[in-house]
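The values are calculated or read from the model by the stated rules, or taken from the named source; none is laboratory data. Note that the coordinates shown come from a computational prediction; the quantities given were computed from them, not determined experimentally. In this analysis, Cβ positions are derived from the backbone assuming ideal geometry, glycine residues included, and neighbour counts consider all displayed protein chains. Ligands, DNA and RNA are stripped out before the accessible areas are found, and what is left, the full protein with its side chains, is counted by its heavy atoms. Shrake-Rupley method; radii C 1.70, N 1.55, O 1.52, S 1.80 Å.
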Amino acid sequence: AFISIQVSSQTQTVTSTIAYQGYDESQAYFGEGEYELFVDTIDGVLDKPIIMIDGFDPGDGRDIAMLYAALDFNGENLADILRNEGYDFIALNAPLYNTDGKDIDGGADYIQRNAMVLVELIDFINNEKVGSEELVIIGPSMGGLIARYGLSFMEQNSMNHETRLYISFDSPHLGANIPVSFQYLINYFAKGQDNAQAQAVVDNVLNSPAAKEMLIDHYSAHLITGSDFEQDPNLLLPVGAPNFRDAFQTELDNLGFPQN
């Protein structure tokens, strides 16, 4: 049933079969990702899979080659070491794509939709692998939230993820922080001074679905009514993006962490 994916040594597309409707969307959309399979150097057979998921990456500034290279240390590479020990390394990236007429920046899209892409990839890898070795799922930064949501979603919906180990690091499980003063500054140059570069940061980073889900304090919750850049001096406590932050954290807390 997973005809949207093919195994090869090249980058491939994976399309979720579970659609997700975001808080500000009028319909649900199927998420897309791209992945590359780097089989081990022992037998070249997909039998001990490790999946690593990219984190927050507006504009898809990191491709799969850069994800792999990010594992360099002291003249070595962690993925190379794993492959030399018989593990198969799979990198999952969230690209820019269009689905049903909507342009989506995958690296800054809803965490839930990216999680449904991971669910699809997990099912596919488990169907394609040789033997019964369970998966290892690794998520740096926002990737840890995507993995947590996907694995917990599968458990709560009686979907067997066949995963023995979940690792997140530098992941904002209780929320992320960009100093709100810095957000104000960028937004002031964007809206108050019509600076195109600042506007791009506001549009593509600060106002992205993922940022509004994760940031515990968001400039948009502090604006004076009727202004798009002046702050209300009476709104001083940290507040997340309206209709995004609290809804997401509640959903994540209710899902909990993967247990199996």
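For region 123-222, which GluC sites (Glu not before Pro) are both in a DSSP coil and crowded by at most 10 other Cβ atoms within 10 Å?
On the way: sites: 128, 133, 134, 155, 162, 213; in loops: 133, 134, 162.
Passing both the DSSP loop test and the Cβ count: no residue.
To the nearest 10 Å², what's residue 99's accessible area with a 1.4 Å probe?
20 Å²
In nm, to one decimal, how far is the residue 80 label point from the residue 235 one, both placed 7 Å along Cα→Cβ?
Between residue 80 and residue 235, the label points sit 5.1 nm apart.
Amide H of residue 99: which non-local residues (sequence gap of 5 or more, or other chain) have their own amide H closer than 5 Å, using H built in the peptide plane?
104
Given axes a ≥ b ≥ c from the Cα gyration tensor, I'd like to know whether region 91-191 is rounded (a/c under 1.5), prolate (a/b larger than b/c) or oblate.
Working: a/c = 2.87, a/b = 1.81, b/c = 1.58.
Judged from the Cα gyration tensor, region 91-191 comes out prolate (a/c at least 1.5, a/b above b/c).
Hey, what number do you get for the chain at 222 nm if only DSSP H runs of n ≥ 4 count, each worth -39500 (n - 2.57), divided across all residues, to the nearest 500? Display every interim value, and only then the final one.
On the way: 8 runs with 77 residues, N = 260.
Only helices count here, giving -8500 deg cm²/dmol.
List, in order, the whole-Hz ³J(HN,Hα) value for each residue of region 86-91 obtained from phi through the Karplus relation with A = 6.51, B = -1.76, C = 1.60 and θ = phi - 60°; use x for Gly and Pro.
Coupling constants for region 86-91: x, 8, 9, 9, 10, 9 Hz.
Quick check on the chain: of the DSSP beta bridges with both residues there, what percent are antiparallel, nearest 5%? Walk me through the numbers before you get to the answer.
Details: 17 of 32 bridges.
Taking every DSSP beta bridge with both residues in the chain, the antiparallel ones total about 55 percent.
Check cross-link reach from residue 191 to the aspartates and glutamates: straight Cα distance under 14 Å, and skip same-chain residues fewer than eight apart.
Partners within reach: 203, 228, 230.
If packing is taken as the mean number of other Cβ atoms within 10 Å per residue, what is the order of 144-152, 102-110, 199-207, 174-182, highest first?
So the peptides 144-152, 102-110, 199-207, 174-182, ranked by packing, come out 144-152, 102-110, 199-207, 174-182.
Per 5 Å bin, what percent of the C-alpha pairs of region 64-131 does each bin hold, from zero upward?
Result, from short to long distances: 4, 13, 18, 19, 19, 15, 9, 4, 1, 0 percent.
Of all the C-alpha pairs in the chain, what % are more than 31 Å from each other? Don't skip to the answer; put the middle values down first.
Working: 9502 of 33670 pairs.
Roughly 28 percent, rounded to a whole number.
Enumerate the calculated ³J(HN,Hα) couplings along region 238-245 in order (Karplus 6.51 cos²θ - 1.76 cosθ + 1.60, θ = phi - 60°), each rounded to whole Hz, writing x wherever the residue is Gly or Pro.
Running phi through 6.51 cos²θ - 1.76 cosθ + 1.60 with θ = phi - 60° gives x, 9, x, 4, x, 6, 10, 4 Hz.
Express the relative contact order of the chain as a whole percentage, based on alpha carbon pairs under 8 Å and six or more residues apart in sequence. Please list the in-between numbers first.
Numbers: 503 pairs, mean separation 45.6, N = 260.
Taking the mean separation of contacting Cα pairs over the length of the chain, I get 18 percent.
Would you work out the relative contact order for region 65-217, in percent, from Cα pairs under 8 angstrom that are 6 or more residues apart?
Values: 162 pairs, mean separation 28.8, N = 153.
About 19 percent, as a whole number.
I'd like the distance between the alpha-carbon centres of region 191-229 and region 146-184, rounded to an integer number of Å.
23 Å
Straight-line reach from residue 212: which lysines have Cα under 18 Å away, leaving out those fewer than 8 places along the same chain?
none
Give me the mean projected area, in nm² to one decimal, of the convex hull enclosing the Cα positions of region 1-127.
8.1 nm²
Using a Cα-Cα cut-off of under 26 Å, which lysines could be cross-linked to residue 129, ignoring same-chain neighbours fewer than 8 residues away?
The qualifying lysines are 48.
Given contacts defined as C-alpha pairs under 8 Å and at least six residues apart, what's the relative contact order of region 1-129, whole-number percent?
Values: 236 pairs, mean separation 42.0, N = 129.
Relative CO of region 1-129 lands at 33 percent.
For the chain, which whole percent of the accessible surface, found with a 1.4 angstrom probe, sits on carbon and sulfur atoms?
Values: 6250 of 12180 Å².
Of all accessible area on the chain, carbon and sulfur atoms account for 51 percent.
Roughly speaking, what is the stretch gain from residue 13 to residue 247, that is 0.36 nm per residue apart minus the C-alpha to C-alpha distance, in nm to one decimal?
Values: separation 234, 0.36 × 234 = 84.24 nm, distance 2.98 nm.
Stretched out fully, the residue 13 to residue 247 stretch lengthens by 81.3 nm.
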